[in-house]
Amino acid sequence: MAERKPIESWLTDMDGVLMHEGIPVPGADAFIKRLRESDTPFLVLTNNSIYTPRDLHARLSRIGLDVPVANIWTSALASAQFLDEQRPGGTAYVIGEAGLTTALHDIGYVLTDVEPDYVVLGETRTYSFEALTKAIRLINDGARFIATNPDEIGPSAEGALPATGSVAALITKATGQEPYFVGKPNPLMMRSGLNAIGAHSESSAMIGDRMDTDVRAGLEAGMETFLVLTGVTRAGEVDRYPYRPSTVVESIADLVERVA
């Protein structure tokens, strides 16, 4: 096996790595502080497209994690960047919240339900039958189908909620059209994030709590991968997958000293 380059930049998932159900994971504050004090390039990633980076900055600040807005990368931002590269100045019918609509407005997209270039599906807590029907009809009429992420369920205090992947499956069943998912595990999200901080995959690391999204995305983007056991994936589940992380650690606290 070829020896990897020293880690010069870090990407980390948010939920399950830095925080869990709104509570910071022990060691997360020390890890972020070490990154900032050493001027190490880093990004906090999330597949959740509901919030803008400013929203997430405020949410993290409230629990003692000081992550600058510029160091937050969402599936909404990655989706907007992808669309800007594919069809600059295009149009889209959007099902989603401010994180997604703001990202699309910022790249100059027009949001419309009249012959849009794309139907873009993101996360929302208020999926409406009317909006889904409109999306189905627009896709049947030729609009291209994009979804911010493939996550099928999301967490809440009351239990699991249907998420973007589940709603995308409903639309696919009605139209026969599969969406293009931009968020993890698509390595496109990782590469766009690395580009945002001027980093390179061969000298970068990805920290995540999920084998099926975080580790897979980091692996396919050519990064060193760390699985933490403070979120979704348990230690006994790792061997079920046909791929492995570079390293398994108990929590992000174990990685503080790895930051140069």
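The values are calculated or read from the model by the stated rules, or taken from the named source; none is laboratory data. Everything quoted here is computed from the prediction, not taken from an experiment. Please note: Cβ atoms are built from the backbone with ideal geometry, for glycine as well, and neighbour counts cover all protein chains shown.
For the stretch 121-159, what are the residues that are surrounded by fewer than 22 Cβ atoms within 10 Å (Cβ to Cβ), in a loop (DSSP other than H, G, I, E, B) and modelled with pLDDT under 95?
Of everything in the stretch 121-159, those that are surrounded by fewer than 22 Cβ atoms within 10 Å (Cβ to Cβ), in a loop (DSSP other than H, G, I, E, B) and modelled with pLDDT under 95 turn out to be Thr124, Arg125, Thr126, Tyr127, Ser128, Glu152, Pro155, Ser156, Ala157, Glu158, Gly159.
Taking the condition of being closer than 15 Å to Ile252 by Cβ and modelled with pLDDT under 95, how many residues in the stretch 20-45 meet it?
Of the residues in that region, 2 qualify.
How many residues, within the stretch 221-247, are surrounded by fewer than 17 Cβ atoms within 10 Å (Cβ to Cβ), not in a loop (DSSP other than H, G, I, E, B) and not small (Gly, Ala, Ser)?
Residues that pass the stated criteria total 5.
Could you list, in sequence order, the residues of the stretch 98-123 that are in contact (Cβ under 8 Å) with a residue 40 or more places away in the chain and farther than 20 Å from Ile136 by Cβ?
Ala98, Gly99, Thr102, Ala103, listed by residue number.
Out of the residues in the stretch 248-260 that are of a type in the set (Val, Ile, Thr) and farther than 19 Å from Met211 by Cα, state the one that is surrounded by the most Cβ atoms within 10 Å (Cβ to Cβ).
Quick first cut of the stretch 248-260, residues of a type in the set (Val, Ile, Thr) only: 248-249, 252, 256, 259.
Filter again for farther than 19 Å from Met211 by Cα, leaving 256, 259.
Values: Val256: 16, Val259: 19.
Ranking the qualifying residues of the stretch 248-260, first place goes to Val259.
Please identify the pairs in which a residue from the stretch 1-30 that is of a type outside the set (Asp, Glu) has its Cβ atom under 6 Å from the Cβ atom of a residue that is exposed (fewer than 15 other Cβ atoms within 10 Å of the Cβ) and part of a loop (DSSP other than H, G, I, E, B), counting only partners at least 6 apart or on another chain.
The qualifying pairs are Pro24/Ile63; Pro24/Gly64.
Let me spell it out: the conditions are (1) in contact with a strand residue (DSSP E or B) (Cβ under 9 Å, 6 or more places away or on another chain); (2) within 18 Å of Gln81 (Cα to Cα); (3) surrounded by fewer than 23 Cβ atoms within 10 Å (Cβ to Cβ), and Thr175 meets all of them except one. Which number is the exception?
For Thr175, the failing item is (2).
Only residues that are farther than 14 Å from Thr46 by Cα, modelled with pLDDT under 95 and not in a helix (DSSP H, G or I): list them for the stretch 160-198, please.
Hits for the stretch 160-198 are Ala160, Leu161, Pro162, Ile197, Gly198.
Please enumerate the residues belonging to the stretch 69-91 that are touching a Gly at 6+ places or on another chain (Cβ under 6 Å) and among the hydrophobic types (A, V, I, L, M, F, W, C).
Across the stretch 69-91, the qualifying residues are Trp73, Ala76.
Collect the residues in the stretch 108-120 that are surrounded by fewer than 22 Cβ atoms within 10 Å (Cβ to Cβ) and either outside the structural domain of Glu85 (by TED's automatic domain parsing) or not β-branched (Val, Ile, Thr) (or both), keeping them in residue-number order.
Within the stretch 108-120, Gly108, Leu111, Asp113, Glu115, Asp117 qualify.
Do you know which of the residues in the stretch 193-235 that are in contact (Cβ under 8 Å) with a residue 60 or more places away in the chain and among the acidic types (Asp, Glu) is nearest to Glu8 (Cα to Cα)?
Glu202
Report whether or not Ala103 is modelled with pLDDT under 95 and either not assigned by TED's automatic domain parsing to the domain that holds Gly176 or not acidic (Asp, Glu) (or both).
no
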